[in-house]
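Structure record follows, encoded as C-alpha cells.
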Amino acid sequence: MPLAFSPPKQPPAYDKVLAGYLMTQGSVSMDAVRVMTDLRAFAIPSQDGFPVLLLGYYLAGDYGGGLFVWDQASTASDNGGTIIKPASAPSTGRWRRAEGTQFTARQFGAKGDGAAIDTPFLQQTIANRGIITDGNYLVDQPLVLHSNTRILGINQNTVTLKAAPGYDGDIVQLTDQATDVVGVEGVGFQSASR
C-alpha cells in the first residue's frame, strides 16, 4: 500500500527514525506492509535504498514495526529483526532496519505475552545489543551471555524473564569465554513454580 510522507518540522517522539529518514530525503513516497511475513514476500525493488514501512511484526501496531531500506548488495544473514532476507531467497539483497534506533525484543519477534516462548527472539535481541521492553517473556533454555554483552530491560518492575512451565534450568548463563564486561539490568526474574 503506497504512502506519501513529507518531513515533519519536529520529529514525532513515536518514530524518530522515520522522521529522520524523511528529513534527509525530503518528500518521499514509500510502501507500507502490515507484518513481517508481508515484508519477506514484498516484491524485490529494482532501486537500492527503497524504503518500506513495516507496521508490526505479527500485527500492525504491536511495536515490532519500523522502517526498512532495501540493500541490493547485502549478503548478510537474516537475524529476524535488523536484517531480513526475502522469501524468494536471493543470493544478494536484504531488507535492513533503518539505523539510528535502539532495537527492541519485539522487533526481533518476541511477544512478551507470558504465553509464547521468547527465547530465540531474546537471544537475537541480546546479540544485536537491543533492549527488552515491558512484558513477561518466557524462557525455555538459558539466555547465553558472551563477553561484552548484556541484557538490558527498561524497568525491572515491568520486564520479567520467566522460566517456562516445565523448565527448571538457568534463565541466564555466562559462557566460559565471558571474561570481559557482561551485565543484566532493568529486568526481573521469576521461576516457573511461581
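Which residues, taken from region 126-138, are modelled with pLDDT under 90 and on the phi < 0 side of the Ramachandran plot?
Once the filter is applied, which keeps residues that are modelled with pLDDT under 90 and on the phi < 0 side of the Ramachandran plot, region 126-138 yields ILE126, ALA127, ASN128, GLY130, ILE131, ILE132, THR133, ASP134.
How many of the residues making up region 153-174 are under 12 Å from ASP118 (Cβ atoms) and in a loop (DSSP other than H, G, I, E, B)?
2
Just checking, how many residues over region 148-170 are more than 17 Å from ILE131 (Cα to Cα) and not acidic (Asp, Glu)? First the steps, then the outcome.
Taking region 148-170 as the starting set, the residues that turn out to be more than 17 Å from ILE131 (Cα to Cα) are 163-170.
Going one step further and asking which of them are not acidic (Asp, Glu), we end up with 163-167, 169.
Looking only at that region, the number is 6.
With respect to ARG96, determine if the residue is part of a strand (DSSP E or B) and either buried (at least 16 other Cβ atoms within 10 Å of the Cβ) or within 12 Å of the chain's Cα centre (by Cα) (or both). Explain how you work it out, then say what you get.
On the way: part of a strand (DSSP E or B): yes; either buried (at least 16 other Cβ atoms within 10 Å of the Cβ) or within 12 Å of the chain's Cα centre (by Cα) (or both): yes.
So ARG96 passes the test.
With the structure loaded, tell me whether VAL159 is open to solvent by less than 60 Å² (accessible area, probe 1.4 Å) and at pLDDT 85 or above or whether it fails that test. Spell out how you get there, then give the answer.
Values: open to solvent by less than 60 Å² (accessible area, probe 1.4 Å): yes; at pLDDT 85 or above: yes.
Yes.
What residue, among those in region 52-73 that are part of a loop (DSSP other than H, G, I, E, B) and open to solvent by less than 10 Å² (accessible area, probe 1.4 Å), is farthest from GLY135 (Cα to Cα)? Full working, then the answer.
Looking only at region 52-73, we keep the residues that are part of a loop (DSSP other than H, G, I, E, B), and these are 55-65, 72-73.
The next check asks that each one be open to solvent by less than 10 Å² (accessible area, probe 1.4 Å); those that pass are 56, 64.
Numbers: GLY56: 16, GLY64: 13 Å.
The extreme case among them is GLY56.
Give the residues of region 99-128 that are closer than 21 Å to VAL159 by Cβ, open to solvent by 40 Å² or more (accessible area, probe 1.4 Å) and either assigned to a loop (DSSP other than H, G, I, E, B) or touching a residue at least 60 places away in the same chain (Cβ under 8 Å) (or both), sorted by residue number.
Across region 99-128, the qualifying residues are THR101, GLN102, LYS111, ASN128.
The values are calculated or read from the model by the stated rules, or taken from the named source; none is laboratory data. Being a predicted model, the structure only gives us computed values, none of them experimental. No Cβ is skipped: glycine too gets one built from the backbone with ideal geometry, and neighbour counts run over all protein chains shown. These accessible areas exclude ligands, DNA and RNA; they are computed on the full protein's heavy atoms, side chains included. Shrake-Rupley method; radii C 1.70, N 1.55, O 1.52, S 1.80 Å.
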